[in-house]
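The values are calculated or read from the model by the stated rules, or taken from the named source; none is laboratory data. Remember, predicted model here, so these are calculated numbers, not experimental data. Here the Cβ is made from the backbone with ideal geometry for all residues, glycine too, and neighbour counts use every protein chain on show. Only protein heavy atoms, including side chains, enter the accessible area calculation; ligands, DNA and RNA are left aside. Shrake-Rupley method; radii C 1.70, N 1.55, O 1.52, S 1.80 Å.
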Amino acid sequence: MDELIGESVSAGIETMDALLLGRRTYEIFAAYWPHHRADVGIQLNAVPKYVASRGNPELSWEGSSLLGPDLVAEVTALRDRHESTHVIGSINFVQTLLAERLFDVLTLWVYPVVLGEGKKVFPDGARASGLRLLEPPVAGSSGAVQRRYAPTGADPATGTVEDPES
């Protein structure tokens, strides 16, 4: 993480009024952040935390609650109740939000690292979604690039590229 990335991440966390997490990310955060009451920890500990899970995890982090089984209705209600709900990590959960178009802004960080195989943000069979760039990309000194998108509300046109020689 470089200074620009740190500032951008911190600024985003400072503006959120709710945190929405999948179970695995929640468990990681709940083991760490309640014990850190400075800087970013102040905000993460202060906001309500909502957890999406198919199970019934123990929610020990103060201000945490489990979403019900109708995820679309629950997230829609959160969007009506909160001005700036953030999802951090939680890639399996994010895939559901993308498929259901339950997002207003998609912030992608692209790092100059090739890891080979791993978890995909956009897995095979992901729903096609039209996006528009909200602002120019921001690059840090480490080479990481932040891009912020909003949904266009329409499915993109897809097709095939024709062979120019035919």
Test result for G143, open to solvent by less than 60 Å² (accessible area, probe 1.4 Å) and at positive phi | yes
Here the qualifying pairs (Cβ atoms under 9 Å; residues six or more apart or on different chains; first in the range 39-54 and farther than 23 Å from I91 by Cβ and among the charged types (D, E, K, R); second surrounded by fewer than 20 Cβ atoms within 10 Å (Cβ to Cβ) and modelled with pLDDT under 95) come out as D39/S10
Can you give me the ranges of the strands (runs of 3 or more DSSP E) entirely in the range 1-82 with at least 2 residues that are open to solvent by 30 Å² or more (accessible area, probe 1.4 Å) and modelled with pLDDT of 95 or more?
-> 64-66
Failed item, numbered, when K49 is tested on (1) over 20 Å from A18 (Cα atoms); (2) in contact with a Ser or Thr (Cβ under 7 Å, 6 or more places away or on another chain) = (1)
Pull up the range 83-105, narrow it to residues that are at pLDDT 90 or above and touching a Lys or Arg at 6+ places or on another chain (Cβ under 7 Å), then point me to the one that is nearest to D155 (Cα to Cα).
-> V105
W109 versus (1) part of a helix (DSSP H, G or I); (2) under 20 Å from S8 (Cα atoms); (3) open to solvent by 70 Å² or more (accessible area, probe 1.4 Å): which is the lone unmet condition?
-> (1)
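In the set F93, F103, which member is in a helix (DSSP H, G or I), touching a residue at least 40 places away in the same chain (Cβ under 8 Å), closer than 28 Å to A139 by Cβ and open to solvent by less than 60 Å² (accessible area, probe 1.4 Å)?
Details: F103 fails: in a helix (DSSP H, G or I).
Just one listed residue meets the conditions, F93.
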